[in-house]
1. Among the candidates R73, R28, R66, single out the residue that is at pLDDT 95 or above, more than 13 Å from the chain's Cα centre (by Cα), surrounded by 10 or more Cβ atoms within 10 Å (Cβ to Cβ) and charged (D, E, K, R).
2. Among all residue pairs at least 6 apart or on different chains, which show Cβ distances below 8 Å where the first residue, located in region 35-52, is without any contact (Cβ under 8 Å) to a residue 60 or more places away in the chain and the second is outside any helix (DSSP H, G or I) and among the hydrophobic types (A, V, I, L, M, F, W, C)?
3. Does region 40-54 hold any residues that are more than 24 Å from D78 (Cβ to Cβ) and of a type in the set (G, A, S), and which are they?
4. What are the residues in region 45-81 that are more than 22 Å from L25 (Cβ to Cβ) and basic (K, R), if any?
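The values are calculated or read from the model by the stated rules, or taken from the named source; none is laboratory data. Everything quoted here is computed from the prediction, not taken from an experiment. Backbone-built Cβ (ideal geometry, glycine too); neighbour counts: all protein chains shown.
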Amino acid sequence: MKRRQHGDHTGEHDDHTKLLDRRYLASREAPIKPLIEPLTFIRNKTHWGAAFRFGFVRVPEADFARIAEAMGREFARDFPL
């Protein structure tokens, strides 16, 4: 396994997993309580934090759009296909 050198930005970690492409948009904080019930990827609404315990979470597009809207973003404009 090749060790990355400082400044080596190949887009891969030493374990060969790809880094996610990301960009940050201005947004506002959104309270979680009103979002818990309608979000489909949160199966246990009582212990909703458990959905986030294991790192990356697959969030369905409709849920992502709902969260983006709660944070003051317009999903269709900000995340075009």
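1. Testing whether each residue is at pLDDT 95 or above, more than 13 Å from the chain's Cα centre (by Cα), surrounded by 10 or more Cβ atoms within 10 Å (Cβ to Cβ) and charged (D, E, K, R) leaves just R73.
2. Matching pairs, first to second residue: I36/I42; F41/V57; F41/V59; W48/I32; W48/I42; A51/F41; A51/I42; A51/V57.
3. Listed by number, the residues that qualify are G49, A50.
4. Within region 45-81, K45, R53 meet the criteria.
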